[in-house]
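Right, one structure below, let's go through it.
The values are calculated or read from the model by the stated rules, or taken from the named source; none is laboratory data. The structure displayed is predicted, hence computed values, not measured ones. Neighbour counts are summed over all protein chains in view; Cβ atoms, including those assigned to glycine, are modelled from backbone coordinates with ideal geometry.
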Amino acid sequence: MINYILLLMSNTNKRVISQLIYLAGKSKLNRKHAAAICQGRKIIYKSVNTNRTKFNRHYSICGHSEMHCIHAFAKQRRRQCV
């Protein structure tokens, strides 16, 4: 089944997924996650889950990688608009 899915994916998708798998391996937690925001073939932001993350004034116990990507992307876009 997995081999069939890999045949249907483009080389760009395979490259992004392989980078995310490598990046997830760098996480220090038991459950390893990675997320990325892509534009076309380019990865704009990528991150892994952490044991503690701060968003604005809120501290969360486990920082989700997808939340960090979205937060960093929005923060960077706000700076460009000002």
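Odds and ends about this structure:
- Pair list, Cβ < 8 Å and 6+ apart or interchain, from the stretch 9-21 residues that are more than 12 Å from Ala36 (Cα to Cα) to residues that are in a helix (DSSP H, G or I) and not polar (S, T, N, Q): Met9/Ile17; Lys14/Leu6
- Identity of the residue in the stretch 41-82, in contact with a helix residue (DSSP H, G or I) (Cβ under 8 Å, 6 or more places away or on another chain) and modelled with pLDDT of 80 or more, that ends up surrounded by the fewest Cβ atoms within 10 Å (Cβ to Cβ): Arg41
- Residues of the stretch 12-54 that turn out to be within 17 Å of His68 (Cα to Cα), part of a helix (DSSP H, G or I) and more than 14 Å from the chain's Cα centre (by Cα), as a count: 0
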